[in-house]
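Just so it is clear, none of the values below were taken in a lab; they were calculated from the coordinates. Here the structure is a predicted model, which is why all the values come from computation and not from measurement. No Cβ is skipped: glycine too gets one built from the backbone with ideal geometry, and neighbour counts run over all protein chains shown.
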Amino acid sequence: MPQAARHTPVIRFNAVHRASIEPPSAGLSFTVPAGQLAALVSPEPSVASAVADLATGLAAPAAGTVRLFGDAPLTALRDGRAGAVSRHCGLLQQVTVSELLSIVGDLAGGRCPVADLAERAGVRGLLRRRTESLTAGEQARVSLAVALAGAPELLILEEPADGLDEAEREQLLVPVRAEAAAGRTVLLVTCDIDTVSEVADRFLIVDRSGLVADASAAVLGAGSTAHTLTFYAPTATEDLLQELPGTLRVRLSQGRARLSTTDVAATLAGLRDAGIDPRRLEVGDGGVADGYLRLVEPGGGPASGVVETTEGAAR
């Protein structure tokens, strides 16, 4: 491989503007190098969606350039160097998962056997199921298998855990982590920081003005005193959990609670006082999500404690 090709960023946004936004600034610029698991997060769903569309070639920038491996996004997708899961793409209906993976595998030139795709995406037990019978979590994992069919070097996943509960989300993120560990470049585009807070190596925070911050997990979470509590509590309600001492935010799905707190002891005491016994309790570092919220909420920004970096900025 020529030396110039080895140093070409996998993803490059250079002074990019969306068609629907008047360009008041220099535009969105960043690069993602090979082998990185990066999350692009925006507090505005329309911004996250627009970036995903630009990265996958579903939309063209009004100004600036978007390149994957130095080429137009559609070229990289057509050649199999990139694979994507987009909100625009559903699964082919009236076929089994095995038939679907066989079809997309043939279209991709037979680069990955069905059994290999199923193993990597964690869908071996679904091969005989018809696609229209799948749950949301199962559909997400099958969509990942479809994106892997061309043996891509890059995966772009838009809102990968949208609509999934905690268990389904983890079932999806396990193979995503494995693909990154195997050396693939991964870009997760989302407006839900909780989806990516414990997964990504790097966080690109974007709003309508462009790139707000480009930081590692350590930098984004620096100075945070927040922690994450995850547990099962079938009788709990979201309102009750939100009113617990120290609680910042709550996610509750099918009895599994995930909340961020600034005072673990006070929150657990509040649970006991409310007659709730948290089962399978896990305590984790909530710094990334807390740092993100301090950055994007009114009055936030780098001055509020999150250090902005320029690592990976387009040059």
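Which one, 123, 212, 283, has the greatest fluctuation when you compute a Gaussian network model over the chain with C-alpha springs under 10 angstrom?
Between 123, 212, 283, it is 283 that shows the largest mean-square fluctuation.
Computed FRET efficiency, Cβ-Cβ of residue 174 and residue 274, R0 30 Å: what is it to the nearest 0.05?
That gives a FRET efficiency of 0.40.
For residue 243 and residue 281, FRET efficiency with R0 = 25 Å and r from the beta-carbon atoms, rounded to 0.05?
0.85
With springs only between Cα atoms under 10 Å apart, run a GNM on the chain and tell me which of 95, 189, 288 wobbles the most.
95
Can you list residues from other chains, or at least 5 along the same chain, whose modelled amide H is less than 5 Å from the amide H of residue 11?
32, 69
Once the piece of chain linking residue 119 and residue 216 is laid out straight, how much longer is it, given 0.36 nm per residue of separation minus the C-alpha distance between them?
31.9 nm
Could you give the length gained by full extension between residue 72 and residue 99, i.e. 0.36 nm per residue of separation minus their alpha carbon distance, to one decimal place?
Difference between extended and current length: 6.7 nm.
Which GluC sites (Glu not before Pro) does region 191-256 hold that lie in a coil by DSSP with at most 15 other beta carbons within 10 Å?
243
What size of dipole, in debye to the nearest 20, comes out for region 47-124 about its Cα centre when the only charges are +1 on Lys and Arg C-beta atoms and -1 on Asp and Glu C-beta atoms?
So the magnitude is around 140 debye.
So what is the 222 nm mean residue ellipticity for the chain from helices alone, if each DSSP H run of at least 4 adds -39500 (n - 2.57) and you divide by all residues, rounding to the nearest 500 deg cm²/dmol?
Here the helix-only value at 222 nm equals -9000 deg cm²/dmol.
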